[in-house]
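The values are calculated or read from the model by the stated rules, or taken from the named source; none is laboratory data. Keep in mind the model is a prediction, meaning the values are calculated, not measured. So basically every Cβ, Gly included, is an ideal-geometry build from the backbone, and we count neighbours across all protein chains shown.
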Ligand code: C2E
Ligand code: CA
Ligand code: CA
């Protein structure tokens, strides 16, 4: 036992020694490699660090530039009646000290004179700089303007030329320089512990700010001239000349130099704006600090061990930080994690704040949907879709102006709050948005551009609801496809749509009650056999009776809504049972009767218990075989003709006839028609509508009739209103017509009278 323990001890010691030697060997290897590489490593690090700082500054500048462009757009769209109104707007809206990210102060310039924002002439104007930029009509960043007397802060100035403004040729806006790099910067300076110093200088080389100073050796003050000062400190004019040249060439470069026996790296880079160098960024650090390599073995091991431990600690800290970060991303339910855009709740909050801040301004809420979103998603997958949406979003964000915002609802639907001044400007904005989206395409999507359509709600309607409700109403406008669009493919919420929304609310609130109280009434529209002139069956059509006004609501109003809220299933069942009841009553009371067609919605027919219900009901009322025809719409046949074929087969087995309704109204496919064993073909009104009379049209109608006959179907033409249409159909060999010419849909008592008169027994 003890022997075994000894053995384990020895083995573990040997293993430990081996690990130890391994570490030592690796350390030495690494040490020699490092020694060789130390200079290029230092040069590389200097360049990398400087580039990161540049990227950060560049991003800050880009953000600013966007803000400035929005201001330019915004003020160009304003109309001012007098100078005071312009000054007010300039001070209150543009330079609003309460608004985050607004300019700190501003001046304006007209006819060669510069004025402060309060309208008083500015005596120290640097006129030449401004005049050269005003005519270019381009927003121009002047870079950092040294400390301003009025506010004593370093500022970045922009010249913003205006269009057709009576009171100013251009604005000059000043942002605080330190604002450019946001406080929550990703650039973790502690990642570069070896940096002795980094500094930002203006284009002219004037030191503006220090990022970090750990060594007093390089004591540079703001307002000193960087190249002069560096020449004095380093004492190598050639080197500094080279640095200057590299900065102006726009490249980031690192240089090695020696000072007081120590090695240093100096890296320099420039940031450009409108093609002009705006800033210079310079970092300096000691090369020895990168790899402080001791000469003795113990030093080396110590350094390596410390590095090793630091690495482990670093890894631990990193993993904790990233874990926190991931958690933060997960917890942030307000922002869409992939698109990086406000979700509905956050959008509503932001939009609400904007509305409160601007009570006198009219805004529009716009919902914009991607055309064929579901289909594209299915075809291309989520990654490609989001990649496309992201590009579209980035462009749309750029199109926003001051005090406007954007959000993402779901399923390719964006939402905007934008200013609404008049229809003309709105039209332009929508056109712009549509063009921006259209400039992009989904990857793998055969190059088709991304199309948007949607709805608009404007806050100038008298009763302004909350943002959530406004979004809902903009969506109602989008969905009100029975009305024409107002701006390209966008529809504005208006009185008519408002009425239909109110009507829809009424429908949804009252439908259950109406069904219980038997307010849905079945009308019957007789069909006529062309050859015999006799009644050739009828179609059951539902109406909603409103006892309060003693009038009927037409199915076109409520059926589409019932199809979206599934109530159509209950209604179809109700209509079918009413029809069965009517047939069985008529037989019992020896009243006249004819075969009846019943409409069945796609939703109803897709229910798992569809067949069971219709078959049971037919049995319950003892209805004769082939007396009832079920009408399916063509769109259903197109979408799901395989399952429809199974349904038809079952219906046939149980004594029903089947008809395909509205044929020709959608994507007619003769192949599908051949595949489906239908008994009847009902041609849409479209075939005989006015203007449908040239030779080609007649050929189409005639061949469709021929096709129906060839497939042994009864061909019925709907919507026949004139004797000319009747005669035409007769000449083409159509079997049956249905339409106002023969009879309107009739309430049951009138229908019975009609049959009596036609002597149908
Ligand atoms: P549909 O099945 O195509 O019905 C024919 C429609 O054309 C009926 O409209 C009818 O009143 C109308 N019509 C008949 N003759 C003429 C004519 O000569 N000229 C014109 N302009 N129109 C004519 P209605 O009753 O308003 O029904 C509209 C639609 O509502 C129906 O179209 C059908 O799709 C649906 N529907 C009606 N009742 C039901 C039902 O019980 N269940 C389901 N799922 N849908 C129904
Ligand atoms: Ca029908
Ligand atoms: Ca029809």
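Any idea how many residues of segment 709-732 are within 21 Å of residue 744 (Cα to Cα) and free of Cβ contacts under 8 Å to residues at least 24 places away in the same chain?
5
Just to be sure, is residue 290 modelled with pLDDT under 75 and buried (at least 18 other Cβ atoms within 10 Å of the Cβ)?
Working: modelled with pLDDT under 75: yes; buried (at least 18 other Cβ atoms within 10 Å of the Cβ): yes.
Considered against the rule, which asks whether it is modelled with pLDDT under 75 and buried (at least 18 other Cβ atoms within 10 Å of the Cβ), residue 290 comes out as yes.
Being closer than 19 Å to residue 254 by Cα and modelled with pLDDT under 70: is that true of residue 37 here?
Numbers: closer than 19 Å to residue 254 by Cα: yes; modelled with pLDDT under 70: yes.
Yes: the conditions hold for residue 37.
When you go through (1) at pLDDT below 90; (2) buried (at least 19 other Cβ atoms within 10 Å of the Cβ); (3) not in a helix (DSSP H, G or I) one by one for residue 130, which number turns out not to apply?
(3)
Does residue 716 satisfy the condition of being at pLDDT below 95, assigned by TED's automatic domain parsing to the domain that holds residue 661 and either away from ligand 2 (no atom under 16 Å from the Cβ) or within 14 Å of residue 734 (Cβ to Cβ) (or both)? Write out each step before concluding.
Numbers: at pLDDT below 95: no; assigned by TED's automatic domain parsing to the domain that holds residue 661: yes; either away from ligand 2 (no atom under 16 Å from the Cβ) or within 14 Å of residue 734 (Cβ to Cβ) (or both): yes.
The answer is no for residue 716.
Could you list all residues from segment 712-725 that are touching a helix residue (DSSP H, G or I) at 6+ places or on another chain (Cβ under 7 Å) and part of a helix (DSSP H, G or I)? Walk me through how you get there before you give the answer.
Here is the first cut: in segment 712-725, the ones touching a helix residue (DSSP H, G or I) at 6+ places or on another chain (Cβ under 7 Å) are 715, 717-720, 725.
725 - this is the single residue of segment 712-725 that is touching a helix residue (DSSP H, G or I) at 6+ places or on another chain (Cβ under 7 Å) and part of a helix (DSSP H, G or I).
For a quick check of your reading: which helices (runs of 4 or more DSSP H) sit entirely within segment 505-615 and have at least 2 residues that are modelled with pLDDT under 95 and more than 16 Å from ligand 2 (Cβ to nearest atom)?
On the way: elements: 555-565, 567-588, 602-605.
In segment 505-615, the matching helices (runs of 4 or more DSSP H) lie at 555-565.
Got a number for residues in segment 712-724 being within 16 Å of ligand 3 (Cβ to nearest atom) and out of contact with any strand residue (DSSP E or B) (no Cβ under 8 Å at 6 or more places or on another chain)? Let's see the steps before the verdict.
First, the residues of segment 712-724 that are within 16 Å of ligand 3 (Cβ to nearest atom): 713-721.
This time we only want the ones that are out of contact with any strand residue (DSSP E or B) (no Cβ under 8 Å at 6 or more places or on another chain), so: 721.
Matching residues across segment 712-724 total 1.
Just to check your reading of the model, which residue among 648, 672 is touching a helix residue (DSSP H, G or I) at 6+ places or on another chain (Cβ under 8 Å), away from ligand 1 (no atom under 15 Å from the Cβ) and within 27 Å of residue 733 (Cβ to Cβ)? Write out each step before concluding.
Working: 648 fails: touching a helix residue (DSSP H, G or I) at 6+ places or on another chain (Cβ under 8 Å).
Among 648, 672, only 672 is touching a helix residue (DSSP H, G or I) at 6+ places or on another chain (Cβ under 8 Å), away from ligand 1 (no atom under 15 Å from the Cβ) and within 27 Å of residue 733 (Cβ to Cβ).
For segment 635-711, which fully contained helices (runs of 4 or more DSSP H) count at least 2 residues that are within 16 Å of ligand 3 (Cβ to nearest atom)?
Working: elements: 641-653, 670-675, 695-710.
Result: 695-710.
Consider residue 450 carefully, then state whether it is at pLDDT 90 or above and closer than 28 Å to residue 338 by Cα. Don't jump to the end; show me each part of the working.
Working: at pLDDT 90 or above: yes; closer than 28 Å to residue 338 by Cα: yes.
So residue 450 passes the test.
Which one is farthest from residue 537 (Cα to Cα), of the residues in segment 616-655 that are more than 35 Å from the chain's Cα centre (by Cα) and within 15 Å of ligand 2 (Cβ to nearest atom)?
632
Got at least one residue in segment 526-538 being without any contact (Cβ under 8 Å) to a residue 24 or more places away in the chain and out of contact with any helix residue (DSSP H, G or I) (no Cβ under 7 Å at 6 or more places or on another chain)? Show your work before the answer.
Initial filter on segment 526-538 (without any contact (Cβ under 8 Å) to a residue 24 or more places away in the chain): 532-533.
Narrowing further to those that are out of contact with any helix residue (DSSP H, G or I) (no Cβ under 7 Å at 6 or more places or on another chain): 532-533.
Yes.
Hey, does segment 642-657 have a residue that's surrounded by fewer than 14 Cβ atoms within 10 Å (Cβ to Cβ), out of contact with any strand residue (DSSP E or B) (no Cβ under 9 Å at 6 or more places or on another chain) and under 17 Å from residue 575 (Cβ atoms)?
Among the residues of segment 642-657, not one is surrounded by fewer than 14 Cβ atoms within 10 Å (Cβ to Cβ), out of contact with any strand residue (DSSP E or B) (no Cβ under 9 Å at 6 or more places or on another chain) and under 17 Å from residue 575 (Cβ atoms), which makes the answer no.
What number goes with the only condition from (1) at pLDDT 85 or above; (2) out of contact with any helix residue (DSSP H, G or I) (no Cβ under 8 Å at 6 or more places or on another chain); (3) surrounded by 14 or more Cβ atoms within 10 Å (Cβ to Cβ); (4) not in a strand (DSSP E or B) that residue 92 does not pass?
Going through (1) at pLDDT 85 or above; (2) out of contact with any helix residue (DSSP H, G or I) (no Cβ under 8 Å at 6 or more places or on another chain); (3) surrounded by 14 or more Cβ atoms within 10 Å (Cβ to Cβ); (4) not in a strand (DSSP E or B) one by one, residue 92 breaks only (3).
Looking at 496, 481, which is the one that is in contact with a strand residue (DSSP E or B) (Cβ under 9 Å, 6 or more places away or on another chain) and closer than 28 Å to residue 370 by Cβ? Give the steps one after another, and end with the answer.
Numbers: 496 fails: in contact with a strand residue (DSSP E or B) (Cβ under 9 Å, 6 or more places away or on another chain).
Of the residues listed, the single one that is in contact with a strand residue (DSSP E or B) (Cβ under 9 Å, 6 or more places away or on another chain) and closer than 28 Å to residue 370 by Cβ is 481.
Just give me the residues in segment 718-735 being more than 13 Å from ligand 1 (Cβ to nearest atom) and under 15 Å from residue 684 (Cα atoms), in sequence order.
734, 735
Residue 740 versus (1) assigned to a helix (DSSP H, G or I); (2) touching a residue at least 12 places away in the same chain (Cβ under 8 Å); (3) exposed (fewer than 14 other Cβ atoms within 10 Å of the Cβ): which is the lone unmet condition?
Here residue 740 meets the rest and fails (1).
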